[in-house]
Ligand code: SF4
């Protein structure tokens, strides 16, 4: 019985930016007796069903965006006589759909870390059940990834998770409902150990692939103090301290290492945290700006963000602290007007953010927005190819609509074109060259231009274009650019790299404290 793990994707680029962590975590959770899993990441190359033999187990992880392709993979694997097991956010939300469309023999809901070895045992014994609930694994029990199985020269960045869950409740996001609002922070030693393993292999850029790297804000601490809630205050203070401990350890890693994370804008008001990020070489952060207007922020339940000039000041605070921002903006909110596109493009430029992504409002399953839309909006019942829009992920990508409900003042095409225009403006060669002055050498500036162009090809043209020829052209260009860009990110491997002194001390203390 061999074990396969597949990350489905409609587009393959030959080279990928970030290592898909879940594949290597499940490989880490696979008991040794089954051998090393055969890993297929379709963002690199399409899955080859011929590698599957009767009796094998094929694990497929899906989110809404790749569910349809995942179902194709499931059917192919099933035809070859394999036991097919689905997991991931979309499988957690729609286990029955996964059984029907993906021919799943078993579906996992929740985290896979602990339940995966049990599934394999059951496959071996012939007692595989239809459903397994992995629950929410505590931070100190997250399984470490098996980076020794990474293919050579295919990825630009390593990825390590330091915390799951997010205390916020944005209406367009499913993270707080699927991963929970309680931050589950992983032990510092385990995080650093994985990063060391990646640097030994030559990865010097690491994505801290967290839901929210800043789970405790100064406002949270002040609220706990005001409420005279010592228990809560103690918990929050300990969580915050652990973030600082982690950043202190990151600072001790080889000084060519660079980290990138996801964070809420509130961190801009925490100079101590920003200073620690700088020392830790966390040089970039994805910040969900979402909307540049107060009405837009209210519409997505993101009142903790700022709008207008206050927003510019907050974003500039990151830049001043040496943290480059990848700002994420949403278009198509009911409060958006025709002028919102130019307003956003102008603000993105003025605020000094380094990269930006502009997406159209999409009701993702598991979110408050989706539930409201599916229940109340007539457009959710409209059929495309016989599929109701409320199950739009079952429509092939080329025919899938980009806008999901009628906008009060704009047509769907106006929103799509407006979004495309803002991408074009932000990523015009002259604007990119101007922004590239944030790095010093000519080589670094050229690298900056290349990466900006790659980002645009991979995410803008393949994401919002309606024309499949344009998508195919972009994927082809991205293939070439990605191969070039990878060389700019990786470094010489450091097989002899030892873990930081503090970490080893920490482990010794942990050993002394842990019961024999
Ligand atoms: S969008 Fe970000 S801040 Fe909001 S709930 Fe999701 S992870 Fe948390």
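The values are calculated or read from the model by the stated rules, or taken from the named source; none is laboratory data. In this text the structure is predicted, and so the values were computed from the model without any measurement. Note that we place each Cβ from the backbone using ideal geometry, even for glycine, and neighbour counts take in every protein chain shown.
What to note about this one:
- Residues satisfying the stated conditions in the range 363-404, i.e. free of Cβ contacts under 8 Å to residues at least 60 places away in the same chain and at positive phi: 385, 386
- Selection within the range 195-213 - more than 16 Å from the ligand (Cβ to nearest atom) and in contact with a strand residue (DSSP E or B) (Cβ under 9 Å, 6 or more places away or on another chain): 195, 197, 198, 199, 201, 202, 203, 204, 205, 206
- Residue list for the range 196-244, filter: over 25 Å from the mean Cα position of the chain (by Cα) and part of a loop (DSSP other than H, G, I, E, B): 227, 228, 229
- With respect to the stated conditions, residue 6 is in contact with a strand residue (DSSP E or B) (Cβ under 7 Å, 6 or more places away or on another chain) and in contact (Cβ under 8 Å) with a residue 60 or more places away in the chain.
- Candidate set from the range 394-410 (those that are surrounded by 15 or more Cβ atoms within 10 Å (Cβ to Cβ) and in contact with a strand residue (DSSP E or B) (Cβ under 9 Å, 6 or more places away or on another chain)); member that is nearest to residue 67 (Cα to Cα): 394
- Residues in the range 93-107 that are surrounded by fewer than 21 Cβ atoms within 10 Å (Cβ to Cβ) and in contact with a helix residue (DSSP H, G or I) (Cβ under 7 Å, 6 or more places away or on another chain): 101, 103.
- The lone exception for residue 248 - which of (1) touching a residue at least 60 places away in the same chain (Cβ under 8 Å); (2) outside any loop (DSSP other than H, G, I, E, B); (3) crowded, with 21+ Cβ neighbours inside 10 Å; (4) away from the ligand (no atom under 16 Å from the Cβ) it fails: (3)
- Of 475, 469, all but one fail to be surrounded by 13 or more Cβ atoms within 10 Å (Cβ to Cβ) and at pLDDT below 85; the exception is 475.
- Subset of the range 148-163 (residues that are away from the ligand (no atom under 16 Å from the Cβ) and either in a loop (DSSP other than H, G, I, E, B) or in contact with a strand residue (DSSP E or B) (Cβ under 7 Å, 6 or more places away or on another chain) (or both)): 149, 150, 151, 152, 153, 154, 155, 156, 157, 158, 159, 160
- Test: residue in the range 164-182 that is in contact (Cβ under 8 Å) with a residue 12 or more places away in the chain, away from the ligand (no atom under 16 Å from the Cβ) and surrounded by fewer than 22 Cβ atoms within 10 Å (Cβ to Cβ): no
- Checked against the criterion of being within 21 Å of the chain's Cα centre (by Cα) and free of Cβ contacts under 8 Å to residues at least 60 places away in the same chain, the candidates 267, 321, 310 yield just one match: 267.
- Residues satisfying the stated conditions in the range 23-39, i.e. surrounded by fewer than 19 Cβ atoms within 10 Å (Cβ to Cβ), in contact with a helix residue (DSSP H, G or I) (Cβ under 9 Å, 6 or more places away or on another chain) and either at pLDDT below 95 or not in a helix (DSSP H, G or I) (or both): 31, 36, 38
- Members of the range 109-126 found to be part of a helix (DSSP H, G or I) and closer than 18 Å to residue 23 by Cβ, listed by number: 115, 116, 117, 119, 120
- The numbered conditions (1) in a helix (DSSP H, G or I); (2) touching a strand residue (DSSP E or B) at 6+ places or on another chain (Cβ under 8 Å); (3) surrounded by fewer than 22 Cβ atoms within 10 Å (Cβ to Cβ) are all true for residue 72 except (2).
- Selection status of residue 133, surrounded by fewer than 21 Cβ atoms within 10 Å (Cβ to Cβ) and at pLDDT 95 or above: yes
- If you check 188, 192, 216 for being crowded, with 19+ Cβ neighbours inside 10 Å, touching a residue at least 12 places away in the same chain (Cβ under 8 Å) and within 16 Å of the ligand (Cβ to nearest atom), only one passes: 216.
- The numbered conditions (1) within 27 Å of residue 485 (Cα to Cα); (2) out of contact with any helix residue (DSSP H, G or I) (no Cβ under 6 Å at 6 or more places or on another chain); (3) without any contact (Cβ under 8 Å) to a residue 40 or more places away in the chain are all true for residue 261 except (3).
- Selection of the range 70-92 for residues being out of contact with any helix residue (DSSP H, G or I) (no Cβ under 6 Å at 6 or more places or on another chain) and more than 16 Å from residue 22 (Cβ to Cβ) yields 72, 75, 77, 78, 79, 81, 82.
- Candidate set: the range 1-21, residues that are closer than 18 Å to residue 115 by Cα and surrounded by 21 or more Cβ atoms within 10 Å (Cβ to Cβ); chosen: the one farthest from the chain's Cα centre (by Cα): 3
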